[in-house]
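S.K.: The structure is given below, and queries will be raised subsequently.
The values are calculated or read from the model by the stated rules, or taken from the named source; none is laboratory data. The structure presented is a predicted model; accordingly, all values stated were derived computationally and were not measured. FYI the Cβ positions are ideal-geometry reconstructions off the backbone, even for glycines, and counts take in every protein chain you see. SASA here: full protein model, heavy atoms, side chains in, ligands and nucleic acids out. Shrake-Rupley method; radii C 1.70, N 1.55, O 1.52, S 1.80 Å.
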Amino acid sequence: MSSTRMMILGLVRWMQPVHGYDVRRELLSWSADKWANVQPGSIYHALRKLTEEGLLRAVATEQVGARPARTTYEVTVKGEDEFETLLRNLWWNISEPTDPFTAAFSFLPAMPRAEAAAALRNRANLLRANVASMRASLDSDWIRSAKPVHVSWMIELWSARAEAEIGWCERIAERVESGVSYLPAELENADGWPGWRDGEERPAPDA
């Protein structure tokens, strides 16, 4: 994933020369596994792959006692160019985030209306709790005195997105409860849409 490559290259560039362990620890301290889909188990593999591609170079490998060997990395000139390209691509282009809820919502007619509405309102409540937590973070000394200013700006973005989704959840819950058809009038009696008609009996699976 381009964002993972960019973040690993950027951190090595920032901290070099740096052990892979320290790159992993820094990314986890940022909670990058939650908002950038940087999986902790993939970081060492990514470092090796970036080295194979000539974007990083291993400058030393050391082992202390029985601990696993640690490799120290630096960014190559090719890696600098790749980082700059990935960084600007992510700044200047829109990339829709992967959201499992979107996959589930695409099967809205499979949910009983009352349950779908309740689930949407529950999602709104969970998002409200997240917003409250983010606002508390913004007011904390941890953010004000121990983090770069742009970290608080990023939290403001997450909070604004969550607040927008809260409003959407509540609006859609009301529409679902109102009984509005999930199909446009032109498709209500058309062939090929039996599974998307609200309340229609689904055939039982074969035994």
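S.K.: So Lys34 passes all but one of these: (1) surrounded by 14 or more Cβ atoms within 10 Å (Cβ to Cβ); (2) in a helix (DSSP H, G or I); (3) at pLDDT below 90; (4) not hydroxyl-bearing (Ser, Thr, Tyr). Which condition number does it fail?
M.R.: (1)
S.K.: Suppose we filter Pro40, Pro68, Pro109, Pro97 for residues that are at pLDDT below 80 and either open to solvent by less than 60 Å² (accessible area, probe 1.4 Å) or touching a Leu at 6+ places or on another chain (Cβ under 7 Å) (or both); which single one remains?
M.R.: Step by step, each of Pro40, Pro68, Pro109, Pro97 is checked, and only Pro40 is at pLDDT below 80 and either open to solvent by less than 60 Å² (accessible area, probe 1.4 Å) or touching a Leu at 6+ places or on another chain (Cβ under 7 Å) (or both).
S.K.: Give me the residue from segment 128-152 that is open to solvent by less than 80 Å² (accessible area, probe 1.4 Å), small (Gly, Ala, Ser) and in a helix (DSSP H, G or I) and, out of that set, nearest to Trp168 (Cα to Cα).
M.R.: Per the criteria, the residue is Ala129.
S.K.: Where the second residue is open to solvent by less than 90 Å² (accessible area, probe 1.4 Å) and of a type in the set (D, E, K, R) and the first is free of Cβ contacts under 8 Å to residues at least 60 places away in the same chain and in a helix (DSSP H, G or I) and lies in segment 68-95, which pairs have Cβ atoms under 9 Å and are six or more apart or on separate chains?
M.R.: Within 9 Å, the pairs are Lys78/Glu53.
S.K.: Given the structure, is Ala124 on the phi < 0 side of the Ramachandran plot, in a helix (DSSP H, G or I), of a type in the set (Gly, Ala, Ser) and touching a Cys at 6+ places or on another chain (Cβ under 9 Å)? Break it down stepwise before answering.
M.R.: On the way: on the phi < 0 side of the Ramachandran plot: yes; in a helix (DSSP H, G or I): yes; of a type in the set (Gly, Ala, Ser): yes; touching a Cys at 6+ places or on another chain (Cβ under 9 Å): yes.
When the stated conditions are applied, Ala124 passes them.
S.K.: Among all residue pairs at least 6 apart or on different chains, which show Cβ distances below 8 Å where the first residue, located in segment 1-23, is farther than 17 Å from Ser95 by Cβ and the second is of a type in the set (Lys, Arg) and outside any helix (DSSP H, G or I)?
M.R.: Listed by first residue and then by second, the contacts come to His19/Arg70; Gly20/Arg70; Tyr21/Arg70.
S.K.: Does segment 168-180 hold any residues that are among the small types (Gly, Ala, Ser) and surrounded by 12 or more Cβ atoms within 10 Å (Cβ to Cβ), and which are they? Reasoning before the result, please.
M.R.: Residues of segment 168-180 that are among the small types (Gly, Ala, Ser), as a first pass: 173, 178-179.
Selection gives Ala173 alone.
S.K.: Mind checking which residues of segment 153-165 are of a type in the set (Gly, Ala, Ser) and open to solvent by 30 Å² or more (accessible area, probe 1.4 Å)?
M.R.: Of the residues in segment 153-165, the ones of a type in the set (Gly, Ala, Ser) are 159-160, 162, 164.
Matches in segment 153-165: Ala160, Ala164.
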